[in-house]
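Each value in this text was obtained by applying a stated rule to the coordinates, not by laboratory testing. All figures in this text were calculated on a predicted structure; none of them were measured in a lab. Here the Cβ positions follow ideal geometry from the backbone for every residue, glycine too, while neighbour counts run over all protein chains shown.
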Amino acid sequence: MPDVLTTPAYRWVGHNPPRKESLEKVTGSAKYLDDLKFEGCLHGKTVRSTVPHGRIKKISFEPGVPWDEFTVVTARDIPGKNVVSLIELDQPFLADGLVRHMAEPVVLLAHPDKGMAEKAVKRVHIEYEELPAILTIEESLAGGNIQYGKDNIFKKYHIQKGDPESVWPKADVVIEGEYWTGPQEQLYIEPQGVVAVASPTGGVTVWGSMQCPFYVHKGLKPLFNLPDDRVRVIYTVTGGGFGGKEEYPTLPAGHAALLSWKAGGRPVKIVYDRMEDMWATTKRHPCKTRVKAAFTKDGKLLALKVDATMDGGAYVTLSTVVLSRGTLHAFGPYACDHVVIDTRAVFTNSPPYGAFRGFGAPQTIFPLELHLHRAACELGIEPHELRRRNLLHQGDRMATGQVMQEETGLEGLMWKAMDESKYLEKTKAYREHNRSSTRIKKGVALALFFHGAGFTGSGEVFLDSKAGLELTRDGAVRILSANTEIGQGSFTTHSQIVAEELRIPYEMVEVAVPDTAVVPNSGPTVASRTCMVVGELLRRAASDLKEVLVKSGALAGNGHTPSEFRAAAGKYLQRFGELKVYSKYKPPPDVSWDDKTYTGSAYAAYAWACYVADLEIDMATYQAQMKDFVAVQEVGRVIHPVIAAGQIEGGVAQAIGWALYEDVALKQGVMQNCQLTNYILPTTADTPPIRVFFYENPYQNGPFGAKGLGELPMDGPAPAIAAAVAFALGDRIIPRIPILPETILDAIS
Amino acid sequence: MKSSIADFAVISPRTLAEALASLRQTPPPVPLAGGTDIMVLLNAGQLEPGVYLNLYSVPELRRPIEVSAGVRDAGTWGAGGADPPGEVRLSALTTYADVRRHAEVRRLLPMLPLAAREIGAVQIQSRATWAGNIANASPAADGVPPLMAYDATVELSSAAGVRQVALSEFYSGYKQTARRPDELITGIRIPVPAPGSIDYFRKVGTRKFQAISKVLLAGLVELGGSREIRKIRLVFASVMPFTYRARKTESVLEGRRLEPGAVSLAVETLRTELKPIDDIRSTARYRLKVACNLLEEFLGTTMGC
Amino acid sequence: MSAPAEEKSSFVINGKSWSGAVHPLKRLLDTIREDVGLTGTKEGCGEGECGACTVFLDGQVVMSCMVPTCQAEGKQITTIEGLAENGRLHPMQESFAQEGGAQCGICTPGMIMAAVAYARDPGSAEDMREALAGNLCRCTGYIRIFEAVKKAMAK
């Protein structure tokens, strides 16, 4: 049982009822997209570009293939607009004349026989006039080859507090460093998959593995020039998302729908195989960061300058908002009077990088935390002590000007993490050990960080989310929300919140399938917002629903048994036919944000954490092996301790992969090691014990005090691990991840 | 899956004779044992379309592991007991799991279960065969180096008869083997090493399990009374384009006393003997350095014994 | 090759005999999902790396994406659908559900099969980590899975 430091006074919140969908998952009866059978289904395939930048000269279809049996779609067949509706309208569903990255969709094929469809992909030949490609951040910023705007820059942010330039000459110590975090493949175990049925008469219906049905809905309307009610998107059980099924599914959904549209409304299924999924879909943005920090001799942080550049790939997609979150996490939980943050996302001829758990924050937290470790080593101050001397306290201002209204509790979290990991004993013992042992070097280190929950700044206001509840025929309650269950337990935690508020058994709460024709748009399932923001919408809807029942006289106002609730619901439905109650997002009263100056409260709520990584390096093979991991965090109320711990453990494991194993080898801007045998995920044997501890400081605007926690665990492990590697190697910093054995060998020789 | 299975055909012979006869066709069918390589290629769209020979249907290829007696050596084995084991024979379809479960093999040829344990994961071990590992001729084959270090021989059968080829003579280049297209590996014979031999097996993969080797060393040394090296085998996987026996380094060591000077000489020799590959999984520089480290570790721990 | 392709294939799956016309090289995974119609066995990679397609073949755990159907001829196959007996969940399924061993659930059927194999024969691997190393999970970090397996094995 995970350790939660709380005494819950609730019937459902803080307890561990069985997950809503676990029976189906453990028996194999849960129907994922590829498990669904559609009569007369065609298998759709995508012919993709094989150059990073070029003009399409000719598309030819090799003889010997029964092309008349195929449905073939190119950009010319698109009935509406050939553009993916996201932040900017720059990405086509199918390349038309110009390809801007490898693996870009150009031609779509469908055939009743899967093998035939697969074979035909190689028989479509696309000739290109190759154009010069931009393959790195440096090439993008060098000028000369401009492919976006006037400088290849998608977006820039600047945060300024005080004047660091005035501090450098006066400071005792100024430390600079450059850091690199590599791209990371999503590796949800269920690949992208959709089925579409589309025709001019019947409209467009899509089933799919996805996080955000309304994103797909928004993307399909202009593609077919259809109004809201003619496009329907239905979530199917989704085998992992992590951000990889946030914006990306719109593409295969559009592709399958285009094929079906041309095939007279026959269902078309597109399921990527693993190689195609790794080759073509979005990954975590690579990021290069320079950090400069000024300190007094005794470790007071006087000034901080962070300059980060993310590779956005060939289309804007979500890069601007990923960059925004990265920018707003670049300064860490420290008090500092002089801070400058400059960030940019740039164009390259790579497949677009996309949303991935943490959403830019892990990329900027890594350099800052590793830089502080480096500074501690150079200043001769213990790393935890350097942090402690600079922590943000009540009344302090963040770089954005946000004033801390209460204590973060971070120092307590740090001591707890150090205590649980025996940090102080280990640092001493490991230094001793490393002096005498040449075969095994040991390291232990920590990282402190926060993660802002919900959309950045005014994002939640723009989303204007709506969620609701309805009474079912048998007197139970059904949740109406677009938020999807992607493994994070949202169906369960939402049900607990509703059950708690209505004072009915958890079993009396059902969850409607997220289907755009049935549920309201409660916003995307991203940004650690599902429990905190949507959960609160549902709690309020529950409160309103109860009030309606009480006002109607069906329910007593002073408490009820489950059967009284059922009876009341039945009575109400008999009289009025149905009861649906919706609630809409209201921003917390004391939160304001200025998008122009990037000042104010970037996030309404933050989760705080201190993580400790313990590892050893075998000096015969240079492999770093995790030995122990301690994750201590404050996340507001923990709704379901088992689910919450599972989120933290899974995120930590993913971050261990990013830090030590997962290397996306790019060639021509695209992943070339796109097989699981060459892209290395940690297995059971490479993952250490991950010990999770929660503190609860209930957040007044979250349901029963909950904040967001899903992305938090992606943030802290990488810098803690890199610092532990540095410790093991005698304070030698390796400033880039993944830290592969080859990287370590190169660093020490 | 990137292949269309309609492009493939499978023959399932009932007897070994039928199987060998089918190999005389042109082009000969490709033997299919546990499928752990071939099915991966099929999935990746990289398997040559054609005819495949399903060995699972041939009972003669599925014989249990045989341990046969060797020549009695009274000095070591004592008088009056049973004959000492002399040779282990694996059949064509002996899997890694079979070896892991076999108590006698575990005792007599300890490197084999060690290698078996680190091949893929349990699901792979229950399908993958030693003979398939040899025939596939991957430079990263994990099962081949220990067999080669044990001086195993490969039993090659064809309609014309059976011949034995030393495993150390089996490879001549990347994916180049001594097997003729009409031949099938029907068995692997492994002599039990002399009592007191010291072995060393270490696989350095991309992770602990489910990993393709980046460097692997299987070593075996027979020491004389005054610690002189009577015989040594040093076999590497994943360093060179095929499983590589470092004969030059072996010959520098053989006849020499095992002492620190010999170790550094051996490491120096190995450093020039190996011409490591550079590929998607690792670098030549890493492979060379780690190969030398492993040799040092092997000889060092042997000295410590 | 112009292929005559399909041949009669028969095996016993979850205790029931099955036979049908299947291409002999068809991946057992596809035969189970498409021909037998049991979709609990999942495909995560198709290259024997992720373990989502794990089933028992004559009692041994195998990756069904790596087994040509012709090699399952006459054998006993057990899939995730065959674990529950008389409508009662297998203890491993029960503890995966209780302990949070399943998150997104796509690796779960294969993971449970590997866990059941280990529980039946703990000598088949040196420890639980090794026994489950052939099954990738991207959600859990494996910790809840270990808890689930330990609990089921203690029963």
Of the listed peptides A:166-176, A:419-429, A:93-103, what is their order by residue-averaged count of other C-beta atoms within 10 Å, with the highest listed first? A:93-103, A:419-429, A:166-176
0 to 90° range, to nearest 10: angle between helix C:108-120 axis and chain C longest Cα axis: 70
Using alpha-carbon coordinates, inclination of helix B:260-273 to the longest axis of chain B, degrees: 30
Taking every residue in B:279-285, how many Cβ atoms of other protein chains lie within 10 Å of its Cβ, on average? 4
Report the calculated FRET efficiency for B:A178 and A:E129 (r = Cβ-Cβ distance, R0 = 51 Å), to the nearest 0.05. 0.55
How large is the translational diffusion coefficient of chain C in µm² per second when you combine the Kirkwood radius over alpha carbon pairs with Stokes-Einstein at 4 °C and 1.567 mPa s? 82
Restricting things to alpha carbons, find the Rg to Rh ratio for chain A using the Kirkwood radius for Rh. 0.98
What does the highest-first list of A:540-546, C:140-146, B:100-106 look like by mean Cβ count within 10 Å? C:140-146, A:540-546, B:100-106
Can you list residues whose amide H is under 5 Å from A:V339's amide H, if they're 5+ apart or on another chain and H is modeled 1.01 Å from N? A:K161, A:G162, A:D163, A:L304
In peptide A:647-657, how many Cβ atoms from other protein chains are near each Cβ within 10 Å, on average? 4
The Rg/Rh figure for the range C:7-82, Cα atoms and Kirkwood Rh, to two decimals is 0.91
Across the Cα atoms of the range B:5-59, what radius of gyration and what greatest pairwise Cα-Cα distance (Dmax) are found, in Å? 11.2, 33
Residues whose placed amide H lies under 5 Å from that of A:Y603, excluding near-sequence neighbours: A:G457
What residue among B:A266, B:A115, B:A92 has the largest mean-square fluctuation in a Gaussian network model of chain B, using Cα springs under 10 Å? B:A266
Note to self, chain B gives a 222 nm [θ] from helices alone (DSSP H runs n ≥ 4, -39500 (n - 2.57) apiece, / all residues, nearest 500) of -8500 deg cm²/dmol
Using the Karplus curve 6.51 cos²θ - 1.76 cosθ + 1.60 with θ = phi - 60°, work out ³J(HN,Hα) for each residue of the range B:59-66 in order, rounded to whole Hz, and write x for Gly and Pro. x, 4, 8, 10, 6, x, 4, 10
Between the alpha-carbon centers of the range A:574-607 and the range B:260-281, tell me the distance in whole angstrom. 64
Length-normalised contact order of the range C:7-82 in % [C-alpha pairs under 8 Å, at least 6 apart]: 39
Given R₀ = 41 Å, what would the calculated FRET efficiency be for A:Y10 paired with A:S458, taking r from the Cβ atoms and rounding to 0.05? 0.80
Angle between the Cα long axis of helix C:143-154 and the longest principal axis of chain C, 0 to 90 degrees, nearest 10? 90
Could you work out the mean count of beta carbons from other protein chains within 10 Å of each residue's beta carbon in B:123-131? 6
What Kirkwood radius, in Å to one decimal, follows from the Cα pairs of the range A:618-749? 16.4
Can you tell me which aspartates and glutamates have their Cα less than 14 Å from the Cα of A:K288? Leave out same-chain residues fewer than eight positions away. A:E138, A:E139, A:E176, A:E178, A:D307, A:D311, A:D342
Cross-link pairs A:K58/A:K119; A:K627/B:K175; A:K442/B:K203; A:K218/A:K584 - those with Cα-Cα distance over 28 Å: A:K627/B:K175
In terms of the charge dipole of the range B:198-304, which places +1 on Lys and Arg and -1 on Asp and Glu at the beta carbon, the residue among B:L265, B:Y200, B:Q210 farthest towards the positive end is B:Q210
Phi-based couplings in Hz for the range A:527-544 (Karplus 6.51, -1.76, 1.60; Gly and Pro marked x): 6, 6, 10, 5, 6, 6, 7, 6, x, 6, 4, 5, 4, 5, 4, 5, 5, 5
Hey, could you pull the Cα Rg and Dmax for the range C:91-154, both in Å? 10.3, 30
Which one, C:G44, C:G123, C:G100, has the greatest fluctuation when you compute a Gaussian network model over chain C with C-alpha springs under 10 angstrom? C:G123
Determine the distance separating the Cα centre of the range B:160-211 from the Cα centre of the range A:636-710; give it in Å without decimals. 41
For C:110-116, A:115-121, A:371-377, ranked highest to lowest by mean beta-carbon neighbours within 10 Å, the order is C:110-116, A:371-377, A:115-121
Between the alpha-carbon centers of the range A:194-223 and the range A:408-424, tell me the distance in whole angstrom. 48
A:R389/A:K584 FRET efficiency (R0 41 Å; Cβ-Cβ; nearest 0.05): 0.40
Which of the listed residues, A:V526, A:G208, A:C287, is farthest toward the dipole's positive end in chain A, when Lys, Arg count +1 and Asp, Glu count -1 at the beta-carbon? A:G208
Given contacts defined as C-alpha pairs under 8 Å and at least six residues apart, what's the relative contact order of chain A, whole-number percent? 17
Using the Karplus curve 6.51 cos²θ - 1.76 cosθ + 1.60 with θ = phi - 60°, work out ³J(HN,Hα) for each residue of the range B:184-199 in order, rounded to whole Hz, and write x for Gly and Pro. 10, 6, 9, x, 10, 10, 10, x, 6, x, 4, x, x, 5, 10, 10
Pull up all non-local amide H partners of B:G205: gap of 5 or more, or a different chain, and H-to-H distance under 5 Å with H placed in the peptide plane. B:K214
If you build a Gaussian network model of chain B, linking Cα atoms that sit under 10 Å apart, which residue out of B:S57, B:S22, B:S226 swings the most? B:S226
